[in-house]
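The values are calculated or read from the model by the stated rules, or taken from the named source; none is laboratory data. Note that the structure is predicted; figures quoted are calculated from it, not measured. Here Cβ is always computed from backbone atoms with ideal geometry, including for glycine, and neighbour counts include all displayed protein chains.
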Amino acid sequence: MKEITATVNAVELINQNVYQITLKVDDFTFEAGQYLMVVLPTGEQVPYSIGSAPHELPYLTLYILVSDAGSLAQKVVEYFQSNSSATIKAPGGDCHLANGILDSNPEHILLIAGGTGFAQIKSLYTDLVEKNFTGNVSFYWGLRTQQDVFAKEWLEEAHKYSPFSLDVIVNEADEQWHGRTGWLYEAILEDHPDLSKSAAFISGSVGMVYGTLDQLELKGINKDACFSDVFAYAPHPDKPKL
């Protein structure tokens, strides 16, 4: 990764605790699905998936969840809010479409996100649309409540791209929610009971990624056809022996 000075274009609170950051960079390229490191003045480096697609350069979009005041995420947001430029290192990660998986002609591509894991999967989805990809693509986004949904304008536009499917699944729904409910993996397996010829990109917490992967493997998906940044820094917990 190379160190870059980015212009801070906008810092917007887009729901109760998620900020959308728009940066402008020059002389930079990346693959959809890659991430960057925000370099704080303290020297701390914080990774965030790039939520925009390569064709949207020179602009980059980040989605930052701030769950607690005083958290590292809060420090990152304050860094962007108080500076007109910011230091980043990029690009990083091999969970992207140039890794050769498309050459194997998977029957179906699953794009699976939990929470702000949405950023990476949105980048992949948008890039496939931009490239006029003609294969079967399904985007699943899991959230705890409907109040956690963000990027609603993008979702409305993405739903219009009919060759692909996009589902938002809420785990704890009330009567105001009219979409799908339950666990993320349940929706995926309901739609795709045989995953033996599918590929998957999974983005979220360590527990979410491996919990989802375990369920997909039960329906025949090959782990070699599954991709996540989590694989690079958190080994799969040992499964109990039967």
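In this structure, SER49 does not satisfy being at pLDDT 95 or above, more than 23 Å from ASN15 (Cβ to Cβ), in the same structural domain as VAL8 (by TED's automatic domain parsing) and among the hydroxyl-bearing types (Ser, Thr, Tyr). Of all residues in the range 160-178, which are surrounded by fewer than 14 Cβ atoms within 10 Å (Cβ to Cβ) and modelled with pLDDT under 90? LYS160, SER162, PRO163, ASP174, GLU175, GLN176, HIS178, listed by residue number.
Say whether the condition of being touching a His at 6+ places or on another chain (Cβ under 6 Å) and either under 30 Å from TRP183 (Cβ atoms) or crowded, with 22+ Cβ neighbours inside 10 Å (or both) is met by at least one residue in the range 109-129. Looking through the range 109-129, none of the residues is touching a His at 6+ places or on another chain (Cβ under 6 Å) and either under 30 Å from TRP183 (Cβ atoms) or crowded, with 22+ Cβ neighbours inside 10 Å (or both).
Looking at GLY220, is it in the same structural domain as HIS108 (by TED's automatic domain parsing) and over 22 Å from ILE169 (Cα atoms)? It is true that GLY220 is in the same structural domain as HIS108 (by TED's automatic domain parsing) and over 22 Å from ILE169 (Cα atoms). When PRO91 is tested against the conditions (1) part of a strand (DSSP E or B); (2) over 19 Å from the mean Cα position of the chain (by Cα), the lone failure is (2). Would you call GLU157 more than 17 Å from SER203 (Cβ to Cβ), assigned to a helix (DSSP H, G or I), among the acidic types (Asp, Glu) and not assigned by TED's automatic domain parsing to the domain that holds THR181? Considered against the rule, which asks whether it is more than 17 Å from SER203 (Cβ to Cβ), assigned to a helix (DSSP H, G or I), among the acidic types (Asp, Glu) and not assigned by TED's automatic domain parsing to the domain that holds THR181, GLU157 comes out as no. The single condition among (1) farther than 22 Å from GLY115 by Cα; (2) in contact with a helix residue (DSSP H, G or I) (Cβ under 6 Å, 6 or more places away or on another chain); (3) surrounded by fewer than 15 Cβ atoms within 10 Å (Cβ to Cβ) that SER196 does not satisfy is (2). Taken residue by residue, the range 188-199 has no member that is modelled with pLDDT of 90 or more, among the charged types (D, E, K, R) and either within 27 Å of TYR48 (Cβ to Cβ) or not assigned by TED's automatic domain parsing to the domain that holds GLY142 (or both). Among the residues of this structure, ALA113 counts as one that is under 29 Å from GLU3 (Cβ atoms), small (Gly, Ala, Ser) and either in the same structural domain as THR22 (by TED's automatic domain parsing) or in contact (Cβ under 8 Å) with a residue 12 or more places away in the chain (or both). Looking across the range 40-53, the residues that are buried (at least 18 other Cβ atoms within 10 Å of the Cβ) and not polar (S, T, N, Q) come down to TYR48, ILE50, GLY51, ALA53.
The set of residues in the range 130-154 that are exposed (fewer than 14 other Cβ atoms within 10 Å of the Cβ) and in a helix (DSSP H, G or I) comprises GLU130, LYS152, GLU153.
Annotation note: Cβ proximity below 7 Å between a residue of the range 20-47 that is in contact (Cβ under 8 Å) with a residue 12 or more places away in the chain and a residue that is among the acidic types (Asp, Glu) (sequence gap 6+ or interchain) occurs for GLN20/GLU12; ALA32/ASP127; TYR35/ASP229. Checking each residue in the range 135-163 for being under 23 Å from LEU102 (Cβ atoms) and out of contact with any Gly (no Cβ under 9 Å at 6 or more places or on another chain) picks out GLY135, ASN136, VAL137, SER138, PHE139, TYR140, ALA158, TYR161, SER162.
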